[in-house]
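Heads up: the structure comes next, in structure tokens.
The values are calculated or read from the model by the stated rules, or taken from the named source; none is laboratory data. Model, not experiment: these values are computed from the prediction. Ideal geometry is used to build each Cβ from the backbone, glycine not excepted, and the neighbour counts take in all protein chains shown.
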Amino acid sequence: MWAGLKRTVLAAALALAAAPGAADILKDGDDVIFWCAGTEHGPRWLDADARDGRVFLTDQTSTFWRAIHVGPGDTYAFEFVSPIDNPDRKYLDCLTETGGVQLAPAYGAPYTGALWQIELDSPSRYALKCLGHIEGNRYLDGNTIDGTVGLAPYPGGPYSGAIWAIR
């Protein structure tokens with residue numbers, strides 16, 4: 001019995017070790033799309049509106065986010081690639097004090113919420129953790145029922161929308 005359990009645990013650990021980390025799937029300057037893995041039926045693609053800075057989920061996407069590796073490790077900023085060029089609304093930004101998500105004009109100080117750490121949840125599924133300096137919920141969370149995007153305290157469980165595929 002223990003030998004079988006050890007083999008199962010070892011196989012799971014090897015699968016996670018072989019799974020691609022952010023460095024394996026994201027390179028500086030890559031244009032990516034984010035697909036919300038929430039368990040409820042509804043919109044799944046991360047989108048935004050450069051006119052007013054709203055971030056939301058939509059049913060289909062032509063929206064790209066440019067990955068900007070700012071280090072260390074798997075720390076990125078994501079620039080909204082839009083036909084509307086609005087310098088005040090460019091980067092995916094979390095507001096940990098309110099649980100909101102918006103577009104910000106820059107990443108880094110004073111917009112520390114526009115820095116994100118990519119965490120492996122399972123093979124090909126990731127959590128995006130906001131690195132903002134103010135305490136609060138940190139994980140990008142898509143609500144597939146109503147299409148809103150906010151922050152969750154942790155990925156998974158009741159926050160299934162805090163798990164993402166990056167393509």
Legend entry - Failed criterion for residue 122 (all others in (1) surrounded by fewer than 24 Cβ atoms within 10 Å (Cβ to Cβ); (2) closer than 15 Å to residue 78 by Cβ; (3) among the small types (Gly, Ala, Ser); (4) touching a helix residue (DSSP H, G or I) at 6+ places or on another chain (Cβ under 9 Å) hold): (2)
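Residue by residue, here is whether (1) surrounded by 15 or more Cβ atoms within 10 Å (Cβ to Cβ); (2) closer than 17 Å to residue 162 by Cα holds:
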position	(1), (2)
35	yes, yes
62	no, no
68	yes, no
72	no, no
97	no, no
114	yes, yes
127	yes, yes
Inset, instruction - For residue 121, indicate whether it is part of a strand (DSSP E or B), charged (D, E, K, R) and more than 23 Å from residue 51 (Cα to Cα). - result: yes
Inset, instruction - Give me the pairs, please: first residue somewhere in the range 68-88 and over 25 Å from residue 51 (Cα atoms), second residue anywhere and in a loop (DSSP other than H, G, I, E, B) and not polar (S, T, N, Q), beta-carbon distance under 7 Å, and either six or more positions apart or on two chains. - result: 69/28; 70/107; 70/115; 74/21; 75/115; 75/131
Legend entry - All positions within the range 119-129 that are at pLDDT below 95 and hydrophobic (A, V, I, L, M, F, W, C): 120
Inset, instruction - Please specify each residue of the range 113-150 satisfying the condition of being among the charged types (D, E, K, R) and without any contact (Cβ under 8 Å) to a residue 40 or more places away in the chain. - result: 129, 135, 141
Legend entry - Contacts under 7 angstrom Cβ, first residue in the range 37-54 being touching a residue at least 24 places away in the same chain (Cβ under 8 Å), partner among the acidic types (Asp, Glu), 6 or more apart: 43/59
Inset, instruction - Among the residues of the range 1-24, count how many are in a loop (DSSP other than H, G, I, E, B), closer than 20 Å to residue 127 by Cα and at pLDDT below 50. - result: 1
Legend entry - Answer from 58, 39 - the residue that is in contact with a Phe, Trp or Tyr (Cβ under 6 Å, 6 or more places away or on another chain) and surrounded by fewer than 17 Cβ atoms within 10 Å (Cβ to Cβ): 58
Inset, instruction - Starting from residues that are charged (D, E, K, R) and either at pLDDT below 95 or surrounded by fewer than 21 Cβ atoms within 10 Å (Cβ to Cβ) (or both), keep the ones in the range 130-167 and report whichever is nearest to residue 53 (Cα to Cα). - result: 146
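Yes/no per residue for (1) more than 22 Å from residue 63 (Cα to Cα); (2) part of a strand (DSSP E or B); (3) within 13 Å of the chain's Cα centre (by Cα):
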site	(1), (2), (3)
94	no, yes, yes
98	yes, no, no
103	no, yes, no
117	no, yes, yes
126	no, yes, yes
133	yes, no, no
137	yes, no, no
154	yes, no, yes
